[in-house]
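> One structure, pasted below without further comment.
The values are calculated or read from the model by the stated rules, or taken from the named source; none is laboratory data. Note that the structure is a prediction, hence the values are computed from the model and not measured. Cβ atoms come from the backbone with ideal geometry, glycine included; neighbour counts cover every protein chain shown. The accessibility values were calculated without ligands, DNA or RNA, using every heavy atom of the protein model including side chains. Shrake-Rupley method; radii C 1.70, N 1.55, O 1.52, S 1.80 Å.
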Amino acid sequence: MLVIEQLCEAVRAAAAYNSDTQVAPACILWPDGNRQWEAVVPRLCSELPELFVLGDYEPEARTGPAIWLRCVIANVLEDAKVPEGKTPILYLPGASRQDLRAVD
């Protein structure tokens, strides 16, 4: 198995849940405060049609601002549909886990 295949499998596995006790996740948040994965994301986009990136508005590249990502999660955009049965993956370059947890 190739490294890219294992990475895709690991990211998708983050959406696993017990349907008897939990509700399905709305999305997978992938924070990357140090932008360590940024160089690999274009390749991952070709492997993961459910991967969307926080950034400048470029719907053809599946990249957009936070409000656009919210619309992606809601699956209301014609130009950014999440494949049936897939959980959207939101890659957040420059945003760390601590940034997301900060309540200030």
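> Mind telling me which of the residues L100, L44, L90, L29 ends up being farther than 15 Å from V11 by Cα and in contact (Cβ under 8 Å) with a residue 12 or more places away in the chain?
On inspection, the qualifying residue turns out to be L100.
> Can you name the residue in segment 26-54 that is open to solvent by 30 Å² or more (accessible area, probe 1.4 Å) and under 12 Å from the mean Cα position of the chain (by Cα) and is also nearest to D99 (Cα to Cα) among such residues?
By that ranking, first place goes to P31.
> Restricting to segment 94-104, and then to whatever is more than 20 Å from Q36 (Cβ to Cβ) and aliphatic (A, V, I, L, M), can you tell me which residue is nearest to the chain's Cα centre (by Cα)?
Among those residues, the one meeting the criterion is A102.
> Scanning segment 55-93 for residues that are under 14 Å from the mean Cα position of the chain (by Cα), small (G, A, S) and part of a loop (DSSP other than H, G, I, E, B), which turns out farthest from R35 (Cα to Cα)?
A80
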